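Throughout, read-outs are computed from the coordinates displayed, never taken from laboratory work. In this text the structure is predicted, and so the values were computed from the model without any measurement. Here the Cβ positions follow ideal geometry from the backbone for every residue, glycine too, while neighbour counts run over all protein chains shown.
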Amino acid sequence: MVSASSLFCKYLTEAIGAENAAVALSALGRQASVSVRLNPSKFPARLKYSLFPGAACIPWSPHGLMLENRQAFTLDPLFHAGCYYVQDSSSMFVGHVLRQILSETCRKDTLRVLDLCAAPGGKTTDAAASLRGMAGDGFLLVSNEVIKSRSAVLASNTAVWGDPNVAVTSADPSDFGRMRGFFDIVLADVPCSGEGMFRKDAGAAEQWSAENVAHCVARQRRILADVWPSLAEGGYLIYSTCTFNCYENDGNVRWAEENFGAEALSLDASCEGYGVLKTEYGWSLVPGLVKGEGQYCAVLRKTSGKSRVSVPSSRKKAQGQAVSSFFSVPVREVLKGDLLKAVPEAVADEAAFLEENVRVLSSGCAAFRRKGRDLVPDADLALNICLRDDSFPRAEVDRQTALKYLHRDAIALPSAEKGFFLVCFEGVPLGFVKNLGSRCNSLHPQERRIRMDI
């Protein structure tokens with residue numbers, strides 16, 4: 001299975017015991033499971049079991065579903081509308097741990113959360129749904145990816161999910177370290193040796209070696225050391241990997257506890273009876289014991305350091321009110337070049353502070369583009385969960401027309417008036433068209449179009 005497989009087996013046995021290791025090794029030869037997580041702000045509840053027949057609930061995710069078979073998600077318009085995210089069930093355990101922390105964290109101030117290594121966006125969208133459900137509009141979630149190509153995918157996926165309280169950045173962990181005491185919670189799903197993904201990624205198995213594990217340990221410690229100053233005293237760091245060995249998991253948590261002024265916590269998050277293993281410092285999810293892939297998660301609380309910093313109010317004044325009537329929450333309008341974006345007023349000062357300190361790819365909602373004297377709605381506006389239902393006329397279309405639109409084929413709305421329309425499927429917006437009468441100009445982005453034959 002992997003080079004030096006006997007050494008891999010030794011590492012695995014050290015981490016989870018001989019009996020569990022035997023179960024895991026057997027499971028690594030079987031097909032990976034398939035699961036999705038619904039977007040509670042978008043998904044039409046009436047479609048839950050007709051769209052996913054035979055699906056089973058995931059015990060640690062209130063919106064997670066384990067599917068019987070892999071579906072053709074690309075040919076489902078609701079997938080492109082951000083109604084659900086295809087995510088491994090074990091990966092959803094990090095969101096479960098976040099919710100345990102949120103249930104014990106009472107703040108009157110805006111919660112500031114950093115997802116440090118976020119691409120392609122599974123844990124970010126899970127965190128966004130949890131934060132919105134538990135904190136309402138009172139949170140800023142910073143979703144970061146340092147690799148440029150991956151950060152573009154992250155920005156697109158978060159825009160499709162549609163929460164305006166998410167900002168996407170592309171910065172090194174050390175850049176956040178200069179924002180001392182800014183964050184209340186940091187999620188660090190760090191790059192690892194990927195042992196837990198062997199049955200999904202043959203390359204991870206081929207590249208495994210003791211040297212690579214040691215390299216990952218050093219890189220993970222550098223990342224933790226760099227980002228740690230950004231966490232306020234009393235704040236939480238959720239540390240996770242998709243690997244099994246003790247060196248990258250409990251070993252690194254022990255190292256952080258000993259070197260950072262940190263306390264490892266044992267929350268009520270083990271989901272006993274569902275195959276989740278409790279380790280010395282955290283939890284391990286292992287194929288064969290759970291239906292998903294491999295995942296490790298632990299929590300550290302910062303016991304010393306800089307207190308939470310306050311952000312001065314009104315760092316940027318609203319530049320007009322052209323977009324406010326389109327949103328269901330108060331927003332601050334920001335003009336960047338020809339783009340008018342709307343940032344929720346509840347987090348506008350935090351978002352402005354963020355822009356001053358790191359490279360921000362997106363924040364709030366891209367609402368309109370100025371073209372001469374005209375304002376053209378941005379594709380992201382159609383997908384935003386805070387867009388008012390009565391902002392634009394809507395054109396409900398059937399599945400085949402929806403797929404044609406998403407493929408960027410020509411569609412027509414001959415009975416509709418001229419102007420901008422929201423194209424909707426099952427009541428959920430997919431994007432904009434400008435109806436010219438005999439034809440429609442599509443505003444669906446080229447980079448998001450369906451490329452396969454429909």
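Explain nothing, just the number: relative contact order of region 197-296, from Cα pairs under 8 Å at least 6 residues apart, as a whole percent. Numbers along the way, then the final one.
Details: 96 pairs, mean separation 24.1, N = 100.
Dividing the mean separation by the residue count of region 197-296 yields 24 percent.
How far, in nm, would the chain grow between Ser266 and Tyr49 when pulled straight, counting 0.36 nm per residue and subtracting the alpha carbon separation? Let's see the in-between values first.
Details: separation 217, 0.36 × 217 = 78.12 nm, distance 3.54 nm.
So the chain would gain 74.6 nm between Ser266 and Tyr49.
Using only helices, what value at 222 nm comes out for the chain when you add -39,500 (n - 2.57) per DSSP H run of length 4 or more and divide by the total residues, to the nearest 500 deg cm²/dmol? Intermediate results must be reported in sequence, preceding the final value.
Details: 14 runs with 132 residues, N = 454.
Helices in the chain give a 222 nm mean residue ellipticity of -8500 deg cm²/dmol.
Around Arg451, under 13 Å between beta carbons, what's the net of Lys plus Arg minus Asp minus Glu among the other residues? Show your work: numbers first, answer last.
On the way: positive: Arg408, Arg448, Arg449; negative: Asp409, Glu447, Asp453.
Result for the local shell: 0.
Given Cα pairs under 8 Å that are at least 6 residues apart, what percent is the relative contact order of the chain? Kindly include the intermediate steps, with their values, before the conclusion.
Values: 979 pairs, mean separation 68.9, N = 454.
Relative contact order for the chain comes out at 15 percent.
HN-Hα J couplings of region 165-176 from phi, Karplus 6.51/-1.76/1.60, θ = phi - 60°, integer Hz, Gly and Pro as x?
For region 165-176, the Karplus curve yields 8, 9, 10, 10, 10, 10, 8, 6, x, 5, 5, 6 Hz.
Of the listed pairs Lys42/Lys123; Lys42/Lys371; Lys123/Lys278, which have alpha-carbon separations greater than 23 Å here? Could the numbers behind the result be given before it?
Numbers: Lys42/Lys123 18 Å; Lys42/Lys371 30 Å; Lys123/Lys278 21 Å.
Table pairs above 23 Å Cα-Cα are Lys42/Lys371.
For Leu114, list long-range residues whose amide hydrogen, built 1.01 Å from N in the peptide plane, is under 5 Å from its own amide hydrogen.
Amide H to amide H, under 5 Å and 5 or more residues apart or across chains, Leu114 pairs with Val142, Ile185, Val186, Leu187.
Can you run phi through the Karplus equation (6.51, -1.76, 1.60; θ = phi - 60°) for region 361-377 and list ³J(HN,Hα) in whole Hz, with x for Gly and Pro?
Running phi through 6.51 cos²θ - 1.76 cosθ + 1.60 with θ = phi - 60° gives 8, 7, 7, x, 10, 5, 9, 9, 10, 7, 10, x, 8, 8, 10, 9, x Hz.
Can you compute the FRET efficiency between Ala416 and Ala18 using 1/(1 + (r/R0)^6), with r the Cβ-Cβ distance and R0 = 51 Å? Round to the nearest 0.05. Could the numbers behind the result be given before it?
Numbers: r = 67 Å, r/R0 = 1.31.
Efficiency, from the Cβ-Cβ distance: 0.15.
Using DSSP to define loop residues, name the GluC sites (Glu not before Pro) in region 278-376 whose beta-carbon has at most 13 other beta-carbon atoms within 10 Å. If you can, show how the numbers build up before the last one.
Values: sites: Glu280, Glu293, Glu333, Glu345, Glu350, Glu355, Glu356; in loops: Glu280, Glu293.
Within region 278-376, the qualifying GluC sites (Glu not before Pro) (loop, at most 13 other Cβ atoms within 10 Å) are Glu280.
Relative contact order of region 337-436, please, whole-number percent, based on alpha carbon pairs below 8 angstrom and at least 6 residues apart. Before the final figure, lay out each step's value.
Details: 128 pairs, mean separation 21.6, N = 100.
It comes to 22 percent, rounded to a whole number.
Using the Karplus equation 6.51 cos²θ - 1.76 cosθ + 1.60 (θ = phi - 60°), what ³J(HN,Hα) coupling, rounded to whole Hz, does each residue of region 209-223 give in order, writing x for Gly and Pro?
6, 4, 5, 5, 4, 4, 4, 5, 4, 5, 5, 4, 5, 4, 4
Where both residues lie in the chain, what percent of DSSP beta bridges are antiparallel, nearest 5?
Details: 53 of 75 bridges.
Percentage antiparallel, nearest 5: 70.
At 7 Å along the Cα-to-beta-carbon direction for both Ser6 and Asn69, put a label point, then send me their distance in nm to one decimal.
4.3
Just need the Rg to Rh number for the chain, please, alpha carbons only, Kirkwood Rh. Please list the in-between numbers first.
Values: Rg = 22.6 Å, Rh = 23.1 Å.
Radius of gyration over Kirkwood radius for the chain works out to 0.98.
Note the full-extension length gain between Ala56 and Ser174 as 0.36 nm times their separation in residues minus their Cα-Cα distance, in nm to one decimal.
On the way: separation 118, 0.36 × 118 = 42.48 nm, distance 4.12 nm.
Computed gain between Ala56 and Ser174 is 38.4 nm.
R0 = 51 Å: FRET efficiency of Asp389 with Arg219, Cβ-based, nearest 0.05? Spell out each step's value before the answer.
Working: r = 47 Å, r/R0 = 0.91.
With a Förster radius of 51 Å, E is 0.65.
When the gyration tensor of region 130-183 is built from Cα positions, what are the square roots of 5 times its three eigenvalues, in whole Å, from largest to smallest?
Working: eigenvalues 82, 63, 7 Å².
For region 130-183, the semi-axes come out at 20, 18, 6 Å.
How big is the Kirkwood radius of region 262-352, worked out from every pair of different alpha carbons and given in Å to one decimal?
17.6
Amide H to amide H, which residues 5 or more places from Tyr281 or on other chains are under 5 Å from it, using H placed in the peptide plane?
none
If amide hydrogens are placed 1.01 Å from N in the peptide plane, which non-local residues have theirs closer than 5 Å to the one on Glu426?
Val397
Of the trypsin sites (Lys or Arg not before Pro) in region 375-440, which ones lie in a loop per DSSP and count no more than 13 other C-beta atoms within 10 Å? It would help to have the intermediate numbers written out before the result.
On the way: sites: Arg388, Arg394, Arg399, Lys404, Arg408, Lys418, Lys434, Arg439; in loops: Arg388, Arg408, Lys418, Arg439.
The qualifying sites are Arg388, Lys418.
Taking the simple approach of a point 7 Å from Cα along Cα-to-Cβ for both Ser438 and Val329, what is their distance in nm?
If labels sit at Ser438 and Val329, their model points lie 4.4 nm apart.
Can you give the extra length, in nm with one decimal, that the chain gains between Arg30 and Arg399 once fully stretched, where that is 0.36 nm per residue apart less the Cα-Cα distance?
129.4 nm
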